[in-house]
Amino acid sequence: MSRRLAFAAALIVSAAGLSACESSEKAATAVQSTAQAQMTPTLSTTDANFINTVGAGGHAEVQFGEVAENHATRTNVRAFATQMVADHTAAGNELAALAQQKQMTAPSEMDLAHKAKYDQLKNTYGSEFDRVYMQGQVEDHTAVVNAFQNEITSGTDVDVKAFAQKYLPTIQHHLDMARQLAAQP
């Protein structure tokens, strides 16, 4: 057991040294997920990676939405942002409880790639804000739909897969709404 802990600690320490670029961050998430899966025998690396990716992304959606509630110029974009805050807060709370049940700690903040987008977003105003926010929502929700579909097809933990199955229709609806709003001038 202590060799497993040492290995997991070494993986986590190596992940901490990775740069902030997106591909390195994905590698760090994968390393962290592998370590967490080894520490939590009930979870596969796929399940742990899903929890880490979706957890960090959910925190980003809440924070992006809070900025959009104040910066968006279009009423429908502000309404979308309010829904993102509500839906992602609820799903995030459920995911955190699920992770705790699986003896894993879900992310408590957004990842570095989302932080860079957040920093750009909070310094953007007017119609340009609406455009950048909605374009980002399409990109992020496309990636999240793929993550949910991957968990459903490749995950091994029945509870994590059930979470993905429960929330995939909501995330798909978010993507559909984001695409519609992004297409509007």
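Within segment 115-131, take every residue that is in a helix (DSSP H, G or I) and among the hydroxyl-bearing types (Ser, Thr, Tyr) and give me the one that is surrounded by the fewest Cβ atoms within 10 Å (Cβ to Cβ).
Selected residue: Ser127.
Which numbered condition in (1) under 22 Å from Leu43 (Cβ atoms); (2) at pLDDT 95 or above is the only one that Asp111 fails?
(2)
Within segment 86-111, work out how many residues are of a type in the set (A, V, I, L, M), touching a residue at least 24 places away in the same chain (Cβ under 8 Å) and over 17 Å from Phe50 (Cα atoms).
The total comes to 0.
Within segment 132-148, take every residue that is more than 14 Å from the chain's Cα centre (by Cα) and surrounded by 15 or more Cβ atoms within 10 Å (Cβ to Cβ) and give me the one that is farthest from Gly92 (Cα to Cα).
In this case the residue turns out to be Val132.
Count, please, the residues in segment 65-76 that happen to be assigned to a helix (DSSP H, G or I) and either surrounded by fewer than 23 Cβ atoms within 10 Å (Cβ to Cβ) or under 12 Å from the mean Cα position of the chain (by Cα) (or both).
7
Could you list, in sequence order, all residues of segment 162-177 that are under 10 Å from Phe148 (Cβ atoms) and buried (at least 19 other Cβ atoms within 10 Å of the Cβ)?
Phe163, Ala164, Tyr167, Ile171
Here are some residues: Ala91, Ala178, Ala164, Ala143. Which one is out of contact with any Phe, Trp or Tyr (no Cβ under 8 Å at 6 or more places or on another chain), within 20 Å of Ala56 (Cα to Cα), assigned to a helix (DSSP H, G or I) and small (Gly, Ala, Ser)?
Checking each option against the conditions leaves just Ala143.
How many residues are surrounded by 15 or more Cβ atoms within 10 Å (Cβ to Cβ) and in a helix (DSSP H, G or I) when one looks only at segment 95-114?
7
Which numbered condition in (1) closer than 26 Å to Lys102 by Cα; (2) modelled with pLDDT under 95 is the only one that Gly126 fails?
Tallying (1) closer than 26 Å to Lys102 by Cα; (2) modelled with pLDDT under 95, Gly126 fails exactly one: (1).
The values are calculated or read from the model by the stated rules, or taken from the named source; none is laboratory data. Fair warning: this is a prediction, and the values are worked out from it, not measured in the lab. Every residue, glycine as well, gets a Cβ built from its backbone with ideal geometry; the counts of neighbours run over all protein chains shown.
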